[in-house]
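One structure is given here, and the rest of the page talks about it.
The values are calculated or read from the model by the stated rules, or taken from the named source; none is laboratory data. Given the structure is predicted, the values throughout are model-derived calculations rather than measurements. Glycine also receives a Cβ, built like all others from the backbone with ideal geometry; neighbour counts cover every protein chain displayed.
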Amino acid sequence: MHQIDHIVLAVQNLDEAIKDFESKTGVTPITGGCHLNHGTKNAIVPLSNFSYLEIIAPDTDNKIFKGSRWMAVDKIQSPTITRWAMTSDIKSSFNDLINNYPNTFGHTIQGNRLLQNGQKLSWIMTKPATTPLVDPIPFLIDWSTSDLHPCHNKLPECGLIDFSLEFENKQIIHKLSKTLLKDFKLIHSVRDKINCIIDTPKGMVQL
């Protein structure tokens, strides 16, 4: 079964977004790290079912990176869910998905980050594009080479209550509702949008 690995909330300022999230939910996001090759940095909020919310922002301290940042973080005017990642409970399915859905995903990249406890986060993913602003078609990620998942040993304080995908293009809905996204709620709309409602210590919050 294909499932949500994480949901990407793009923001303009990470420190301010962390404070705002804590104020609304009573939960403090966990500082993540920097994506040196993409000019961004993040924090995460573990959700139910080993999924998580990634809060991502431009890394203005990175003076080396040039160009457009991924996840459309350069294009937002306010906090926006711009992307989401899909994974599978079958390790071999990462390549199967890429092969079964040609021209759907970006090229494959690898990444890793050493944690303070000496363990290493390692992942393989299809690279999300810098455009459009919101892409309800997921990118893929595989953690099978990693020492652990980002949510490992972190008890979630928030639960994912509702998740839906809005598409302007009816043909995409018709195609993907029977295949790649058959387990998800798809809605025809005037614009592409990713909707997410989480349950928090302060009640339900729509992101």
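Annotations
- Unique residue being of a type in the set (Ser, Thr, Tyr) and crowded, with 16+ Cβ neighbours inside 10 Å when the list is Thr179, Thr126: Thr126
- Condition met for Leu181 (more than 17 Å from Tyr52 (Cα to Cα), in a strand (DSSP E or B) and among the hydrophobic types (A, V, I, L, M, F, W, C)): no
- Evaluated against (1) out of contact with any Asp or Glu (no Cβ under 7 Å at 6 or more places or on another chain); (2) crowded, with 16+ Cβ neighbours inside 10 Å; (3) within 29 Å of Glu22 (Cα to Cα), Thr104 falls short on exactly one condition, (3).
- Residue list for region 145-167, filter: modelled with pLDDT of 95 or more and in a loop (DSSP other than H, G, I, E, B): Cys158
Yes or no, residue by residue, for (1) at pLDDT 85 or above; (2) in contact with a Phe, Trp or Tyr (Cβ under 6 Å, 6 or more places away or on another chain); (3) on the phi > 0 side of the Ramachandran plot; (4) surrounded by 15 or more Cβ atoms within 10 Å (Cβ to Cβ):
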position	(1), (2), (3), (4)
Leu53	yes, no, no, yes
Asn62	yes, no, no, yes
Lys91	no, no, no, no
Thr108	yes, no, no, no
Asn117	no, no, no, no
Pro138	yes, yes, no, yes
